[in-house]
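The values are calculated or read from the model by the stated rules, or taken from the named source; none is laboratory data. Just so you know, these numbers come straight off a predicted model, no measurement behind them. Every residue, glycine as well, gets a Cβ built from its backbone with ideal geometry; the counts of neighbours run over all protein chains shown.
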Amino acid sequence: MYTIDRAVAIIRPKQPFIDWANKLPDAKDRVSLDDFQDDCLAVLIAEYDTDEEAKEHIDEIWEDIFENELMGWSTNISWWPRKRTKKIFWRWFDVKFHSVVIDQSRRAIEGEEL
């Protein structure tokens, strides 16, 4: 196994995001928080020493993450919330940090079998 010099942030929608998604004009199936417990966005970020430092990494890219998550539910930008601030991002998303990331494919690159 090969430990890479990155960390990961797991981004999970909170109830305000779910409420927005369920109110979309073309929403067919209602979603719940449970729908996002297993499969959600993972973002590689720079290594960090404290959770506050990790949060600063997300603070630098929150707009991209927010727009990516909105786009996943509606490509009609006019349906997106007009007010998208960092404060709203943190209210709409739960972010968990993990400081160790293993790249198992490294062995395949070096010609070893997995």
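Descriptive notes on the structure:
- Restricting attention to segment 68-84 and to residues that are of a type in the set (A, V, I, L, M, F, W, C) and either surrounded by 15 or more Cβ atoms within 10 Å (Cβ to Cβ) or touching a residue at least 24 places away in the same chain (Cβ under 8 Å) (or both), the residue that is farthest from R6 (Cα to Cα) turns out to be W79.
- Residue list for segment 39-67, restricted to those being over 14 Å from I10 (Cα atoms) and either in contact with a strand residue (DSSP E or B) (Cβ under 7 Å, 6 or more places away or on another chain) or in contact (Cβ under 8 Å) with a residue 60 or more places away in the chain (or both): E47, Y48
- Whichever residue in segment 1-25 is closer than 19 Å to W79 by Cα and hydrophobic (A, V, I, L, M, F, W, C) and, among such residues, is surrounded by the fewest Cβ atoms within 10 Å (Cβ to Cβ): L24
- Of the candidates K96, K87, K28, the single residue that is surrounded by fewer than 14 Cβ atoms within 10 Å (Cβ to Cβ), of a type in the set (K, R) and in a strand (DSSP E or B) is K96.
- Residue list for segment 1-25, restricted to those being in a strand (DSSP E or B) and either without any contact (Cβ under 8 Å) to a residue 24 or more places away in the chain or not hydrophobic (A, V, I, L, M, F, W, C) (or both): Y2, T3, R6, R12, P13
- Taken together, the residues in segment 76-102 that are hydroxyl-bearing (S, T, Y) and at pLDDT below 95 amount to 1.
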